[in-house]
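The values are calculated or read from the model by the stated rules, or taken from the named source; none is laboratory data. Just so you know, these numbers come straight off a predicted model, no measurement behind them. We place every Cβ from the backbone using ideal geometry, glycine too, and count neighbours over all the protein chains shown.
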Amino acid sequence: MNNNLTPTSDWRDIESKNTLLIRHDIDFSVDFAHKLALYESELGIRSTYFFMLTSNMYNLISSENQRLVKSIIKLGHKVSIHFDPTAHDTIEDFEHEKILFENIFNVDVDIVSIHRPGPFLDNNNVSLNGIPQTYSDKYFKRMKYLSDSGGRDVLPLISDYLCGDRSQGLHLLIHPIWWTSKGSSPTETLNFWRKHNSDFLTAEVRLNCKTYED
Ligand SMILES: [Zn+2]
């Protein structure tokens, strides 16, 4: 009997215990997301990238980031919204983000990931204007959920899962920052990203203001 995990980016049909949903929440860098998307594509893996429209770290609709997200779509991955409820007065404002995201990237949003869910986990089956989200029981309890949040070493947890009874499929949350940035600790890794980001901004300043001297 074939019991290999099968990666999928289709969040509607996850009943098989061999289902592998690889989810990427993009909290810091669209560029790092793109690097991981290229690597996964070489491995023949399709995953789902969730991006923020309200991030203080990146502008999703900058020309550079639009180009990168569209390239991720072309590689065959799914893209959707990483929604921060604290950026809005009411949760119904999700609809504004959905319309913007769907129009810019020409995709249908049918699954959402919530950024720093906190209080949401008390009522984890809530949907966002009818759109399911990744912390509902279907993905959070009826599948095995593993995450590298905060830079946690998730590899031993994956090994334990693979060696276990495998009675559930796997919902794996991977943040590209921990895999594409270099550092021996989460802080060092984040500082590497800050330097990378600062170099990009310096290049943009040069491009946009010819009197800039550095
Ligand atoms: Zn997040």
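In region 72-100, how many are polar (S, T, N, Q), surrounded by fewer than 14 Cβ atoms within 10 Å (Cβ to Cβ) and closer than 20 Å to ARG23 by Cα? Full working, then the answer.
Taking region 72-100 first, the residues polar (S, T, N, Q) are 80, 86, 90.
Now drop any that are not surrounded by fewer than 14 Cβ atoms within 10 Å (Cβ to Cβ), which leaves 86, 90.
After this cut, where a residue has to be closer than 20 Å to ARG23 by Cα as well, the list is none.
Summing the residues that are polar (S, T, N, Q), surrounded by fewer than 14 Cβ atoms within 10 Å (Cβ to Cβ) and closer than 20 Å to ARG23 by Cα in region 72-100 gives 0.
For region 70-85, a tally of residues being in contact with a helix residue (DSSP H, G or I) (Cβ under 9 Å, 6 or more places away or on another chain) and within 16 Å of the ligand (Cβ to nearest atom) returns 5.
Take the residues of region 132-172 that are hydrophobic (A, V, I, L, M, F, W, C) and within 14 Å of TRP11 (Cα to Cα): which is surrounded by the fewest Cβ atoms within 10 Å (Cβ to Cβ)?
Narrowing region 132-172 to residues hydrophobic (A, V, I, L, M, F, W, C): 140, 143, 146, 154-155, 157-158, 162-163, 170, 172.
Imposing the further condition that a residue be within 14 Å of TRP11 (Cα to Cα) reduces the set to 140, 143, 170, 172.
Numbers: PHE140: 17, MET143: 19, LEU170: 20, LEU172: 23.
Per the stated criteria, the residue is PHE140.
Residues in region 44-55 that are part of a loop (DSSP other than H, G, I, E, B), modelled with pLDDT of 95 or more, out of contact with any helix residue (DSSP H, G or I) (no Cβ under 8 Å at 6 or more places or on another chain) and away from the ligand (no atom under 11 Å from the Cβ): 0 in all. Within region 132-160, the set of residues being charged (D, E, K, R), modelled with pLDDT under 95 and under 20 Å from SER16 (Cα atoms) comprises ASP137, LYS138, LYS141, ARG142.
Looking at ASN123, ASN103, ASN65, ASN129, which is the one that is more than 22 Å from LYS17 (Cα to Cα) and crowded, with 18+ Cβ neighbours inside 10 Å?
Values: ASN123 fails: crowded, with 18+ Cβ neighbours inside 10 Å; ASN103 fails: crowded, with 18+ Cβ neighbours inside 10 Å; ASN129 fails: crowded, with 18+ Cβ neighbours inside 10 Å.
Within the list ASN123, ASN103, ASN65, ASN129, the selection yields ASN65.
In this structure, does LEU60 turn out to be within 16 Å of the ligand (Cβ to nearest atom), touching a strand residue (DSSP E or B) at 6+ places or on another chain (Cβ under 6 Å) and in a loop (DSSP other than H, G, I, E, B)? Spell out the reasoning first.
Details: within 16 Å of the ligand (Cβ to nearest atom): yes; touching a strand residue (DSSP E or B) at 6+ places or on another chain (Cβ under 6 Å): yes; in a loop (DSSP other than H, G, I, E, B): yes.
So LEU60 passes the test.
Take the conditions more than 29 Å from ILE158 (Cα to Cα) and either more than 16 Å from the ligand (Cβ to nearest atom) or in contact (Cβ under 8 Å) with a residue 40 or more places away in the chain (or both) and apply them to THR90. Does it pass? Break it down into steps so the answer makes sense when it comes.
Values: more than 29 Å from ILE158 (Cα to Cα): yes; either more than 16 Å from the ligand (Cβ to nearest atom) or in contact (Cβ under 8 Å) with a residue 40 or more places away in the chain (or both): yes.
Yes; evaluated as a whole, the condition is true for this residue.
Just give me the residues in region 1-43 being within 16 Å of the ligand (Cβ to nearest atom) and farther than 20 Å from GLU102 by Cα, in sequence order. Those that are within 16 Å of the ligand (Cβ to nearest atom) and farther than 20 Å from GLU102 by Cα: ILE22, PHE28, SER29, PHE32, LEU36. Number of residues in region 17-36 that are in a loop (DSSP other than H, G, I, E, B) and hydrophobic (A, V, I, L, M, F, W, C) equals 1.
In the set (1) over 24 Å from LEU162 (Cα atoms); (2) in contact with a Pro (Cβ under 8 Å, 6 or more places away or on another chain); (3) not acidic (Asp, Glu), ARG46 fails one condition alone, (1).
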